[in-house]
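*Asks:* My questions will all concern the structure given below.
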Amino acid sequence: QITFISQLSVYSHDFSCFLGVWPHHPFVVLKARVVLLPAMRLGTVGIVLIGALAGVAIICFSITNLHSDMDDLQATIALNQKVLAEQEHALKELMAMTERGHAGLKALNTQIAKGGNSEEQISNMLLHLQSRWDEESQAAATHRKDEERMNKALETAVQRANQRSDASNQKLEGLEAAVNKMMQEAATHGKRRDRIEELMTNLTAKVHKSGLGMGAAQAMAPAPPPVAAAPTPAPPPPSAQASAAADDLEDDDIPAATGAREKVRTSTTQKLQHLKSAAGAKATSRPKQSYEVAWYRECGCTGMEVEATTLLVGLAKRIGPDRIRTNKCTSSCDWPQDVQRVLQQISVADDRRLWPRNAEDRPAAGTLFVLVVHAAFAGVCGTPDGLGLPYRSHNDALVESGGRMFRVSRSMMETDSVNTFSAQSCNEQFDAVWVPSAFNQNTFKKAGVKADMISILHEAVDTASFKCKHAKDDKDKESDDDEAEDAGESGESHFGDQAGGKGDGSDNGDDADLFGVDQLDDFMAEAGPDDFIFLSVFKWESRKNWLALLKTFFAAFPEKETTISVKKAAASGHEADSEAEEADGSDETRTVRARLLIKTQRLDWASDPSEDLLMFLDSAGISHNDVKGRLLIFMDPLPSSKMPLLYQRADAFVLPSHGEGWGLPIAEAMATGLPTIATGWGGQTEFMNSGNSFPLGYKLETADDAQSFGERPQKWASVDLDDLKSAMHEVAARTPESISKGKQACKDMRSSYTPSFVAGKLDDLLSGLGTKVI
């Protein structure tokens, strides 16, 4: 740019000179001198100034870039100097190490020169270390052999103990068989004695008639044998000939009859004494042992919690609360005060405290400690995570058994088998498995659970709360008094006093606020005197077979008022005494207003009952208006104290489920005296029979995939829908047989399933664990 400006100046100067030397044309000269020449000079100066400024700007920009490059160069130089310094330092250290290595090598050579045996010393030291290593290896091998011998000895001792236990059991079974035989012989002798006494009575009457008098009769009879000072061995039983002679005595054979009578009496007395001694020996052969029990129960007011709480309260009333503890449930049933009081005494806040984790937590010497796991959500023979129960090996089981600590699983299954994993867990992680029914006992055995581990412990029914609807006579009144005593000194039942109910003759007053829930109260208030209410209580899942229940109900009672055929001798009304009447074989028609009340609970993983109902009605072609007032599916929570009253207000109970481990709602219905219809397969067959209920016919079919757990498809029962329909017609007609079955059910449930009775069985199982060999 500078060069261009310089050239431009030269050109301007040359042009000015040219104009200056062209003087011949005046006009040109004048114009050039006056106008053109000053303008060109001025333009030249401006261009020079602009170029100069541009050059200055370019020079400044170049200087700035130069400074930046100089800074980068200086930084690079500084970095290179630092690296060079580090390399020099490293080189110095390497040189120093080299010098030290030379010095060390020189010292080593000097040392070798001074002591020529250093290599020999090192070799000796290595040999010594190798010898020590061999000795330690031999000691470890010996220790392993000792451990193996100890394990074999321990297994042999366990086998011998099991053999001794089996031998003892065989001897005990033989003793029991002998006792049973003695009891049969005693019964036979008793019959013979009664026969002889009858003959003697007839003989005495004939003597009076003949005029001989009692003195003559006594004179003819031999004197009775003297009473022995000490018991003598029992004589052998009389021969068949002697027995036949005693049975065929004639009235005139007075001496023979008297002698045979005394002989039989003496023999029977002595045999009864031996029988009592044998029974006493049997009782003393299994002394009860002191124990403490920790019971992990399921919470949330589930059937499992109700079962566990009923068992614990019954056991606490039997042995006291000091030896019992259980986990504290934040979500629980609405228990009455006496049950809450017991639970407060035995509950612990931390679930992990249920299992002793150190020596100070364990019971005193000689006392058994038993942990019972009772939670359906953990699965069959499962352990909840919150319990913190450690996994145990076979040696751990031996150690726990030696320390008198036992694990028990309270489990059940509703299908025909248990999966392999659960069976393995039962055998390895628990010392005993308590199932509620013989049905479960068989399914667990079939799955591979050890037979000697399985015991039956029934569920208890709070018969003091679930009162018989038909208890009217004095005998039933006394039964109710006994139940009140069984409930406690205060006579308060687990669910409070809920007497009265539809059809029992009591005055319930206004039903508008009977349960405190509008939907349920409205349904009960709409019931007329001739209405018949079927009750069903279950969780809403496919296993409960709710679809078959709905189908059969609307097939059996398609209209609000349905005409059905019943036996002519069937009673009319609620209070008629049907047992005194007999059917003549003919039928008559009756009009029935049947209604269905389902008390259910929606599960998180299951379908919605409301949606299922709509789908069923649409598929069956049933109008929604036809269902109003006839069907109520009640899902709202109901206080536990109101459950006995719910059964009292019903007329019958029906549950055609695919399978039950026990069937607590079925047992509660039967304890209330309701005619009960349920599947004739499953755990409920433990207390159901054709004399106290309506067991339904069935066929086995493959269960839902959810019940198989990835193994072979398990099976459950599907009821005969025609059988279900027929049973619903019979109970809705209030036939004599259905009423009789309800009364018999009420009695049967009070014979073996009360809390006090089951608590006695539980007490025996707990104390008997001390004799178990693992």
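*Asks:* If each of ALA438 and LYS628 carries a label point 7 Å out from its Cα toward its Cβ, how far apart are those two points in nm?
*Replies:* 5.1
*Asks:* Calculate, in nm to one decimal, what ASP322 and GLU148 gain on full extension: separation in residues at 0.36 nm each, minus their alpha carbon distance.
*Replies:* That works out to 58.4 nm of additional length.
*Asks:* What's the extension gain from THR771 to ASP518 if we count 0.36 nm per residue and subtract their Cα-Cα distance?
*Replies:* Gain on extension, THR771 to ASP518, equals 85.5 nm.
*Asks:* Taking the Cβ-Cβ separation of LEU79 and VAL45 as r and a Förster radius of 51 Å, what is the calculated FRET efficiency to the nearest 0.05?
*Replies:* Efficiency computed from Cβ-Cβ geometry: 0.50.
*Asks:* Using r as the Cβ-Cβ distance of LEU91 and MET70, and R0 as 25 Å, what FRET efficiency do you calculate, to the nearest 0.05? Don't skip to the answer; put the middle values down first.
*Replies:* Numbers: r = 31 Å, r/R0 = 1.25.
Plugging the Cβ-Cβ distance into 1/(1 + (r/R0)^6) gives 0.20.
*Asks:* Which percent of the accessible area of segment 650-774 is formed by carbon and sulfur heavy atoms (probe 1.4 angstrom)?
*Replies:* Summing carbon and sulfur atoms, their accessible area is 48 percent of the total for segment 650-774.
*Asks:* Taking 25 Å as the cut-off for C-alpha to C-alpha distance, list the pairs among LYS560/LYS725; LYS560/LYS599; LYS642/LYS725 that go past it.
*Replies:* LYS642/LYS725
*Asks:* Which whole-number percent is the relative contact order of segment 608-734 (Cα, under 8 Å, 6+ apart)?
*Replies:* 19
*Asks:* Ranked from highest to lowest mean number of other Cβ atoms within 10 Å per residue, what is the order of the peptides 81-88, 719-726?
*Replies:* Details: 81-88: 10.0, 719-726: 18.9.
Ranked from most to least packed, the peptides come out as 719-726, 81-88.
*Asks:* Determine, from the Cβ-Cβ distance of ASP704 and ASN358 and an R0 of 51 Å, the FRET efficiency 1/(1 + (r/R0)^6), rounded to the nearest 0.05.
*Replies:* According to the calculation, E is roughly 0.70.
*Asks:* Quick check for you: with a 1.4 Å probe and neighbouring chains kept, what is the accessible area per residue of segment 646-763, in Å²?
*Replies:* Computed with neighbouring chains in place, this is 32 Å² per residue.
*Asks:* Starting from the Cα of LEU603, step 7 Å along the direction of its Cβ; do the same at ASP334; then give the gap between the two resulting points in nm.
*Replies:* 2.5
The values are calculated or read from the model by the stated rules, or taken from the named source; none is laboratory data. These figures come from a predicted structure and were not determined experimentally. Note that each Cβ is placed from the backbone with ideal geometry, even for glycine, and that neighbours are counted across all protein chains shown. Ligands, DNA and RNA are excluded from the accessible area calculation, which covers all protein heavy atoms including side chains. Shrake-Rupley method; radii C 1.70, N 1.55, O 1.52, S 1.80 Å.
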